[in-house]
Amino acid sequence: MWQKLYNQLIEYPIDFISHFGSLLPIFVGLINYRIIAKEHRIGILLFAFYFIKDTYSLWLSLHSTSSLHVQNIQAIIELILIGVLYNASFPTKDKKSLVAVLTCLSIPLLFFFYRHDAVSAEILSIFRIFSITICLVYFNNLIARMVVRDILTYSMFWITSGLLMYTAGTFFIFLFGEYIFSPKEVISDEVFDFFWNVSQLLFTLFCLFFALGLWFSKYDRKNIF
């Protein structure tokens, strides 16, 4: 098994970078745990889930077991945690209600399209549409209220930018997820590796931006009018 793990590390280094990249926000969040906002602590839980999920997927691959269904489970838990994070982050009741409604409408759809034997393009796409919508609403609210002195040192700017890059950048990849995750007879390894590596690199950027957001959270109190 160790030899197989080594072979995967050599063949898929980007996967391992993204795998352990999810530890970066956890590390930064724990360092600043006492001073970060309570909603940001949900982000630590989110990236702990990412790391556990990637470790479980790696374990399945080492035992030659399909891990395609894990992608569907990931999207469901991602949507719930991100919905809770932004519901707590919005300052007004109407925006909190909007996030709650979108979350409650999306969850039944995710379970409806759930598949255990294959990647569900519907689930992965719904999660990304949900996240993109939440990010755009948050940025619109941030610009409309104009309460931040320096947006480049504002925690939620980096967190939302990272989430938007990750979800918007991978939307069309996973919109056609059923094709991309098709057997080798349908899609070549080279094509799959290209799209998968792009998604892993964007996820690594998400980890970095979220970690930056948690680091800058120490300035939030002085940064708000």
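The values are calculated or read from the model by the stated rules, or taken from the named source; none is laboratory data. The model shown is predicted, which means the values in this text are computed figures rather than measured ones. When we count neighbours, we look across all protein chains shown, and the Cβ atoms used for this are built from the backbone with ideal geometry, even at glycine. Just the protein is used for accessible areas: all its heavy atoms, side chains included, with ligands, DNA and RNA removed. Shrake-Rupley method; radii C 1.70, N 1.55, O 1.52, S 1.80 Å.
Before moving on, here are some points about what is shown:
- Accessible surface, the chain, averaged per residue in Å² (probe 1.4 Å): 53 Å²
- Reachable lysines from K96, criterion Cα separation under 28 angstrom, eight or more residues apart if same chain: K38, K218, K222
- Placing unit charges on each Cβ (+1 for Lys and Arg, -1 for Asp and Glu) gives the chain a dipole about its Cα centre, and among Y154, T133, L201 the Cα reaching farthest toward its positive end belongs to Y154.
- Spin-label model distance (nm) - L5 vs H69, 7 Å beyond Cα toward Cβ: 2.5 nm
- Were the residues from I80 through L23 laid out at 0.36 nm apart, the gain over their Cα-Cα distance would be 18.5 nm.
- Prolate/oblate/rounded label for the stretch 183-225 (Cα gyration tensor, a/c 1.5): prolate
- The stretch 1-95: chymotrypsin sites (Phe, Trp or Tyr not before Pro) in DSSP loop, at most 15 other beta carbons within 10 Å: Y33
- Stretch gain in nm, segment L30-V186, where the contour uses 0.36 nm per residue and the Cα spacing is subtracted: 51.7 nm
- Of the two radii for the chain, the radius of gyration is 0.98 times the Kirkwood radius, both from the alpha carbons; that is the Rg over Rh value.
- Of the trypsin sites (Lys or Arg not before Pro) found in the stretch 136-184, the ones in coil according to DSSP and having at most 15 other Cβ atoms within 10 Å of their Cβ are R149, K184.
- The chain, dipole about Cα centre (Lys/Arg Cβ +1, Asp/Glu Cβ -1), debye to the nearest 20: 1260 debye
- Membrane-span-like helices in the chain (whole DSSP H runs, Cα extent of at least 20 Å along the helix axis, mean Kyte-Doolittle hydropathy of at least -1.0): 38-62, 68-89, 93-112, 121-145, 155-175, 189-216.
- Normalised radius of gyration (Cα atoms, divided by 2.2 N^0.38 Å) for the stretch 53-123: 1.36.
- Separation of the L208 and I107 label points, Cα + 7 Å toward Cβ, nm: 3.4 nm
- FRET efficiency, 1/(1 + (r/R0)^6) with R0 25 Å, evaluated for K222 and I52 via beta carbons: 0.10
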